[in-house]
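Structure first, then comments.
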Amino acid sequence: MTQHPPSPLESTAQGNAVAGPRARAGATIAAEVSFRGVHHAYNRTPSLRGIDLEIAPGEVICLLGPSGCGKSTLLRLAAGLENLTAGEIFINRRQVSSTHSTIPPEKRGVGLMFQDYALFPHLSILANVMFGLKGLQRADAEREAMNALARLGLEAYANNYPHALSGGEQQRVALARAIVPRPNVLLMDEPFSGLDKRLRDSVRDETLSVLRETRATSVLVTHDPEEAMRMADRIVLMRKGKIVQTGSAHDLYNNPIDIESARFFSEVNEIVTVIENGAAVTPFGRYDAPDIPDGTPAIVCIRQQGIEVLAADPDDRRNRYATIEGRILSRRFLGEVDVVDLVVNGLDQQLTARVRGLSGENPGNDVRVRVRPSDVLVFPAR
Ligand code: ADP
């Protein structure tokens, strides 16, 4: 059963949705979630191949990975909407899934939120939010639902129907509905991908602040690395039904475990080279690669935003320091950045740079090019 500890709102709002400063969301009792050796298959085709993951109470986790890698399936298993083929799942040390038994979703203390909002079109906004509070007296349920709507700035819409609300408002109603029973675990499947970019940022930020207030353990599925980096305490990077790496946004961005992870987080240029004396040698310089044996091929990844393009000013000595000569082939203006294709001395292949504040450098111009060492990663070539 979902637990209902006293909320900071109960003593203040007393059933009235407060205007002015928004209310706070009621806190839940966060749960620990454990996946142990979890396998799953759809009609004998494996979708998850041995998932081990411990999620701490109150943690915000993002399951990140390309489409089809098994993120939604893992979430659905945690919710009790799928049965596993091997392994166990625990919520607060209580076994909720095994090959022998599955506790149904409504008995797990989990809240669910999906991309398509899944609001009932024939119910008012208030009735939609009250839907998960069937165990409460009507007046109590109404008060809790109004508090949640007030927290999300939606109290004025309580008597409207979903079709009268914008996508962003509907998604906030879905969030209110998910948090109002104070779930111990909140499971969210691509909850923002139906929103346009401008709305997405604000709904995302608001959702994160509500998650922090409720302190529910939160698991969010996304294929968007930027979204995961924005939201997660810890990112779980998945590929082909397995976890390939877990860590903070900083860990995964700066120390990706392999070249596919590096490619997933940023657009990179890839230069094939050979390791000599413990380093990968490129026209830009040597990059240490102590874990790759000498004489073996390696790939040097240079993030597009790590390439600096400077005017080739013969009088500017600073520009000559640690730079090499290059020439711009093409340039596309994308608003915040220019995407520049260029060639540099000593390298046959062309490179792409994402440059902010490029001044007069145009196709055909000679330039000087420098690479930021923190934007270079070296991997063995396979
Ligand atoms: P993701 O959320 O990472 O996009 P999913 O968990 O939805 O991945 O899917 C994992 C794999 O399982 C994919 O290969 C997908 O095609 C397959 N799959 C998902 N749902 C079903 C289903 N209902 N029936 C059969 N195969 C499915």
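The values are calculated or read from the model by the stated rules, or taken from the named source; none is laboratory data. These numbers come from a predicted model, not from an experiment. Cβ: placed from backbone, ideal geometry, glycine included. Neighbour counts: every protein chain shown. These area figures cover heavy atoms from the full protein model, side chains too; ligands, DNA and RNA do not enter into them. Shrake-Rupley method; radii C 1.70, N 1.55, O 1.52, S 1.80 Å.
A compact table of results
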| item | result |
| --- | --- |
| Residues located in the stretch 119-152, provided they are exposed (fewer than 14 other Cβ atoms within 10 Å of the Cβ) and not basic (K, R) | F120, P121, H122, G135, Q137, A139 |
| Subset of the stretch 241-283 (residues that are over 24 Å from P297 (Cβ atoms) and either open to solvent by less than 50 Å² (accessible area, probe 1.4 Å) or touching a residue at least 24 places away in the same chain (Cβ under 8 Å) (or both)) | G241, K242, I243, T246, G247, S248, A249, L252, Y253 |
| Residue in the stretch 29-44 that is open to solvent by less than 30 Å² (accessible area, probe 1.4 Å), more than 16 Å from the ligand (Cβ to nearest atom) and not in a strand (DSSP E or B) present | yes |
| Residues of the stretch 45-65 satisfying the condition of being more than 7 Å from the ligand (Cβ to nearest atom) and open to solvent by 20 Å² or more (accessible area, probe 1.4 Å) | P46, R49, G50, D52, E54, A56, P57, G58, E59 |
| When residues of the stretch 69-82 are limited to those that are in a helix (DSSP H, G or I) and open to solvent by 40 Å² or more (accessible area, probe 1.4 Å), the one farthest from the ligand (Cβ to nearest atom) | R76 |
| Candidate set from the stretch 83-109 (those that are open to solvent by 40 Å² or more (accessible area, probe 1.4 Å) and within 26 Å of the chain's Cα centre (by Cα)); member that is farthest from the ligand (Cβ to nearest atom) | N92 |
